[in-house]
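The values are calculated or read from the model by the stated rules, or taken from the named source; none is laboratory data. The structure presented is a predicted model; accordingly, all values stated were derived computationally and were not measured. Glycine also receives a Cβ, built like all others from the backbone with ideal geometry; neighbour counts cover every protein chain displayed. In case anyone asks, the SASA skips ligands and DNA or RNA and just uses the protein heavy atoms, side chains included. Shrake-Rupley method; radii C 1.70, N 1.55, O 1.52, S 1.80 Å.
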Amino acid sequence: MAPAIRSIDTRAVKVAPKVADAELQSAEYRQWRNAVYRRAGYRCEAMDNGHRCTKAAPTHRMFADHIVERRDGGALLDAANGQCLCGSHHSRKTVAARAARLSFRTRGGGSNL
């Protein structure tokens, strides 16, 4: 049954749909991602107050995260540049990296967002 009140999108600028980078669709990347997951035992590797996060697959979605983000010079397929993170830790890390990049940019360090 459809809702009685329809919603409308009032944004002046529409957000473009998210499209995964082609390099993240490669067989090599999938092998790297799976190796990161296996090495971590499919469990989040983030540390909180000296304790490892307890979230793990299949109950929680895991992300193969680049420790040094690719846009910050991190290697795409370097096993040492990978860690397994749960959704909340991955989001926190990504937001912090973007904020650091923005802060660097606003201090005149560059234009890489």
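Please say if the chain is rounded, prolate or oblate, where rounded means a/c under 1.5 for a ≥ b ≥ c the square roots of the C-alpha gyration tensor eigenvalues, and otherwise the choice is prolate for a/b larger than b/c and oblate otherwise?
oblate
What does the accessible area of residue 48 come to, in Å² to the nearest 10, when a probe of 1.4 Å is used?
So the heavy atoms of residue 48 present about 60 Å² to solvent.
I want to check the label-to-label distance for residue 80 and residue 10. Put each point 7 Å from Cα in the C-beta direction and report it in nm to one decimal.
5.3 nm
For segment 2-45, with all protein chains present and a 1.4 Å probe, just round the carbon and sulfur fraction of the accessible area to a whole percent.
Taking all protein chains in place, segment 2-45 shows 56 percent carbon and sulfur surface.
Rounded to the nearest 0.05, what FRET efficiency do residue 72 and residue 49 give with R0 = 25 Å and r taken as the Cβ-Cβ distance? Could you check?
0.40
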